[in-house]
Amino acid sequence: MIGPAWRLTSAAVVGALLLVGCSDSSPTAGPSAPPSSSVPITPISEPTETPSQTPGQTPSQTPSQTPTAPPASCLDQKALTLHEQAAQLIMTGISANGMTSAERSVARDQKPGGLLLMGSGGSLAHTRTATAAASTAATVKGIRPLIAADQEGGQIQRLKGAGFDRIPAATVQGTWTAAKLTSRATGWGSQLKQAGVNLDLAPVADVVPASQRSTNEPIGKLDRGFSSSPSVVGQHAAAFVRGMAAAGVATSVKHFPGLGRVRGNTDFSSGVVDTVTVRGDSDLAGFAAGIRAGSELVMVSTVTYTKIDPANRAVFSPTIIQGMLRTDLRYSGVVITDDVGAAAEVASVPAGDRATRFVAAGGDIVITAKASLTSVMVNALARKAQQDKQFAALLQASVRRVLTLKQKHGLVSCS
């Protein structure tokens, strides 16, 4: 562990700290091992909120401030080292069938704030045993990890052993009434909750035009979209969110600002570009509806949107995260990446930079499907916070948002 312990105080918020000029060609963050000393992170004052914009409107400028979650007294009791703060912003991939010895070492030594179940899991009972062991390994100072799964339905359902319902594809869910989807999602969420999973990385809010369904690799060809109509997608995304919330499971609408108009799948292809979507696009309706329904996370894609920010992939774009999400949609919750560990799209970016550039752009939780990259990312975040006071304030605000979410879901012990 590095750096002195410090407390998350009720004034721990971020102000006018938008970092600009950070393109995909920016320099690396340096070596993976952090220096032995650190500087204190000093809370700064509350920002003023910028008026909202609805999809279809074009705001005049990118904001210079990022809202943060309100203070919570329980969190003020937690003293975390800089390394522990940084680790709260990493979600590490582990086997859904139980951690490997290497994954167990990462969870125990790095204490990542989130764990993502990968591969095909076993029964509900087996999964519950596996998640309990993983949670124990990653718990730090009474703070337990988020445990997430991709439980959308159809071809994208990690957990489907005994005790888990087989979930129909989104194309089927999209034909149901909103009330039926909410009811069914509540049942699916209850099964996740029993299995020790507290976060479903769903629903998909992307809109694939009907004419592109057969050529759209990440969504259309996998039947992951509710509809080609933005309004129908919005209704069903909101219904899914409400159902999971009723079961006590957090959700993450994805993949902002949309994968419906691309061809390649960023997990397997690089250079994936959207040349159509604009800021204030009507196809953002699904994300807006999911946020209004209470989705506690929003996942940002790794695609480059040339009509929004041609210099940066979405996960590295202040315009997309702070401008479109934080200001246009008035979203103050947790922002999470799509996988930036194993994904081909970001393979050319040094692993540490993937984490620091996302947080610098206003994001919170970094997903790495490769557990082996956890320490590299944690160290990079801690090092940059030591060297850059503005970045340190951004990191602190992100930690506050993550811990506020965890406290809401009973993952923070105040004893």
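List of remarks:
- Residues that are open to solvent by less than 10 Å² (accessible area, probe 1.4 Å), outside any loop (DSSP other than H, G, I, E, B) and of a type in the set (A, V, I, L, M) within the range 290-303 comprise Leu297, Val298, Met299, Val300, listed in sequence order.
- Odd one out for Ala382 among (1) within 23 Å of Arg108 (Cβ to Cβ); (2) surrounded by fewer than 24 Cβ atoms within 10 Å (Cβ to Cβ): (2)
- Among the conditions (1) open to solvent by 30 Å² or more (accessible area, probe 1.4 Å); (2) closer than 22 Å to Gly248 by Cα; (3) modelled with pLDDT of 95 or more, the only one that Gln155 does not satisfy is (2).
- Condition check for Gln173: under 17 Å from Gly243 (Cα atoms), within 24 Å of the chain's Cα centre (by Cα) and surrounded by fewer than 21 Cβ atoms within 10 Å (Cβ to Cβ): no
- Residues in the range 358-376 include at least one that is outside any helix (DSSP H, G or I) and at positive phi.
- Reported count of residues in the range 257-286, each being open to solvent by less than 60 Å² (accessible area, probe 1.4 Å) and hydroxyl-bearing (Ser, Thr, Tyr), is 3.
- Residue within the range 242-253 that is within 23 Å of Arg400 (Cβ to Cβ) and surrounded by fewer than 24 Cβ atoms within 10 Å (Cβ to Cβ) present: yes
- Look at the range 115-129: where a residue is surrounded by 21 or more Cβ atoms within 10 Å (Cβ to Cβ) and a partner is assigned to a helix (DSSP H, G or I) and β-branched (Val, Ile, Thr), sitting 6+ places away or on another chain with Cβ atoms under 9 Å, you get Leu115/Thr131; Leu117/Thr127; Leu117/Thr131; Gly121/Thr127.
- The one condition in (1) surrounded by fewer than 21 Cβ atoms within 10 Å (Cβ to Cβ); (2) in contact with a helix residue (DSSP H, G or I) (Cβ under 8 Å, 6 or more places away or on another chain); (3) of a type in the set (Ser, Thr, Tyr); (4) closer than 23 Å to Lys408 by Cα that Thr182 fails to fulfil: (1)
- Residues that are in a helix (DSSP H, G or I) and open to solvent by 20 Å² or more (accessible area, probe 1.4 Å), drawn from the range 304-350: Thr319, Ala344
- For the range 361-379, the candidate set comprises residues that are open to solvent by 10 Å² or more (accessible area, probe 1.4 Å) and in contact (Cβ under 8 Å) with a residue 40 or more places away in the chain; within that set, the residue that is farthest from Val334 (Cα to Cα) is Ser372.
- Which listed residue is among the acidic types (Asp, Glu) and within 15 Å of Gly196 (Cα to Cα), from Asp165, Asp109, Asp150: Asp150
- Pairs linking a residue in the range 249-265 that is at pLDDT 95 or above to a residue that is among the aromatic types (Phe, Trp, Tyr) and surrounded by 24 or more Cβ atoms within 10 Å (Cβ to Cβ), with Cβ atoms under 8 Å and 6 or more positions apart or on different chains, are Thr251/Phe240; Val253/Phe287; Phe256/Phe287; Pro257/Phe287; Pro257/Tyr305; Gly258/Phe287.
- Within the range 64-77, the set of residues being open to solvent by 20 Å² or more (accessible area, probe 1.4 Å) and either modelled with pLDDT of 95 or more or part of a loop (DSSP other than H, G, I, E, B) (or both) comprises Ser64, Pro67, Pro70, Pro71.
- From the options Ala107, Ala133, residue that is open to solvent by less than 10 Å² (accessible area, probe 1.4 Å), assigned to a helix (DSSP H, G or I) and among the hydrophobic types (A, V, I, L, M, F, W, C): Ala107
- Residue in the range 377-399 that is modelled with pLDDT of 95 or more, charged (D, E, K, R), outside any loop (DSSP other than H, G, I, E, B) and within 19 Å of the chain's Cα centre (by Cα) present: no
The values are calculated or read from the model by the stated rules, or taken from the named source; none is laboratory data. Please read these numbers as outputs of a predicted model, since none were measured by experiment. Backbone-built Cβ (ideal geometry, glycine too); neighbour counts: all protein chains shown. All accessible areas refer to the heavy atoms of the entire protein, side chains included, with ligands and DNA or RNA removed. Shrake-Rupley method; radii C 1.70, N 1.55, O 1.52, S 1.80 Å.
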